[in-house]
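The structure under discussion appears below in the form of structure tokens.
Quick note: the coordinates plus some simple rules give every number you see, no bench work behind them. All values derive from a computational prediction rather than experimental measurement. Cβ placement follows ideal geometry from the backbone for every residue including glycine, while neighbour counts extend to all protein chains displayed.
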Amino acid sequence: MSQPEQTPPEQPPAPSHPPTALKADDPLPPPIVTTPKCIIRAHHPSDITRMQRAADNPAVAKYMSYRFASPYTLEDARRWLDLAATLKAPGTDILTCYAICEPGTSAYLGGIGVQTRTDVEAGTFELGYWIGQDSWGKGIMTEAARGFTRWVFDTFPSVVRLEAGVFSGNEASVRVLKKAGFVYEGTRRKAAVKHGVAYDVMVFGLLREECIRN
């Protein structure tokens, strides 16, 4: 596969906060989603090395915003791990960003999560995800997207819509979203500029009643 299965947005800027209380030898968090090709669980300190190796790839970073560091260092991975432990849906203690992992070994492959909105758009969450190049073309991201969107709708009754934006040229991510039931809704022309290149941003949406349940 020539492009990463990825939609922006991804990790927001890291605030000043204490690191996660988890230690590397603590038990792994239980999965929130289990599929034949992957599990999705909360991040764990033992993910740092694999996270850095998977993320430190220009092909993975190509369709990400500048917030996704490139090169991606161990310190970037540590900052994200600490930040992810603090990102929770408003008014809840439920995390919004998770690790995509191998079934059986629980080895880190990539990340998936949502960004929440406020005011009249509080019923819409924005989906973002990425996965390392070694996992491209295996259907892992499609299973993760399907399973995670089901979990979001089941976990947050007030959410009526999920939305995702894809940079023009990222056909792999378009395929993932369509297979997960998302509908193309339009294009924001030249809405993103990265390293001097202007990209259209294709907008995809998934309503609660459209969520794939099998």
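The coefficient of translational diffusion for the chain, derived via Stokes-Einstein from the alpha carbon Kirkwood radius under 10 °C and 1.306 mPa s, stands at 92 µm²/s. Dipole orientation for region 136-205: of the candidates Gly147, Val197, Gly181, Val197 has the Cα lying most toward the positive pole (charges on Cβ; Lys, Arg +1; Asp, Glu -1).
Per-residue Karplus couplings for region 125-135, computed as 6.51 cos²θ - 1.76 cosθ + 1.60 with θ equal to phi - 60°, are listed in order as 10, 9, 8, x, 7, 7, 8, x, 4, 4, 9 Hz, Gly and Pro entered as x. When only Cα pairs below 8 angstrom with a gap of at least 6 residues are kept, the chain shows a relative contact order of 23 percent. Label-to-label distance, Ala107 versus Asp93, with points set 7 angstrom from Cα along the beta-carbon direction: 3.4 nm. Pairs from the list Lys138/Lys179; Lys88/Lys194; Lys138/Lys190; Lys88/Lys190; Lys37/Lys194 with a Cα-Cα gap above 24 Å: Lys88/Lys194; Lys138/Lys190; Lys88/Lys190; Lys37/Lys194. The label point for Glu121 and the one for Leu207, both projected 7 Å from the Cα toward the Cβ, are 1.9 nm apart.
Straightening the chain between Arg188 and Asp25 buys 54.1 nm, computed as 0.36 nm per residue apart minus the Cα-Cα spacing.
Here is the list for region 31-84: chymotrypsin sites (Phe, Trp or Tyr not before Pro) lying in DSSP coil, each with at most 15 other C-beta atoms within 10 angstrom of its C-beta, are Tyr66. You can think of it this way: the chain between Asp154 and Arg67 has 28.4 nm of extra reach, that is 0.36 nm per residue less the Cα-Cα gap. When only the Cβ of Lys, Arg, Asp and Glu is charged (+1, +1, -1, -1), the dipole of the chain relative to its Cα centre reaches about 380 debye.
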